[in-house]
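First the structure, then my questions, so here it is.
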Amino acid sequence: MNFFRRGGAHERSPATSRPAGYRSVSYHPLRPWQVQERRFRPSRFGRRGLDPDDVHEFLNRVADDLSTVYDALGVSRQETTRIKDALRHWQSEQARRRNVGAFR
């Protein structure tokens, strides 16, 4: 399950996937497809530059790592939701039992 693939049906909006904290609302997390599709201008005539194949290989590795991290984050968020729901259910059950005992 990858919520962060380009054009996926489950792609999250920047507002829901933005990390909480110090970042401004204009910040958009980098997505794996953005890394994979990033291209750089060739260096100007007479100047040395980087080997485009090496750059693309590196960008693909970074994109794969980002994808893995985002997938793990999605699983973690699901588990957090499951645990929160279970806790709410338990708390409600405890409150109900206390209320039933108070009226006896």
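Got a sec? How would S92, S24 order by Cβ neighbour count within 10 Å, fewest to most? Could you put the intermediate results ahead of the total?
Values: S92 10, S24 6.
Ascending number of Cβ neighbours within 10 Å: S24, S92.
Would you mind computing, in nm to one decimal, how far apart the modelled labels at L50 and N99 are, each placed 7 Å from Cα along Cα→Cβ?
6.1
Provide the packing ranking of 53-59, 75-81, i.e. peptides ordered by the mean count of other C-beta atoms within 10 Å per residue, highest first.
Details: 53-59: 12.3, 75-81: 10.6.
Peptide ranking by packing, descending: 53-59, 75-81.
So between N60 and I83, what do we pick up on full extension, going 0.36 nm a residue minus the alpha carbon distance? Before the final figure, lay out the partial values.
Working: separation 23, 0.36 × 23 = 8.28 nm, distance 3.46 nm.
Gain on stretching N60 to I83: 4.8 nm.
Read-outs: derived from the displayed coordinates by stated rules, not from any lab. Since we're looking at a predicted model, the values are computed, not measured. Don't worry about glycine lacking a Cβ; one is built from the backbone with ideal geometry, like all the others, and counts go over all protein chains shown.
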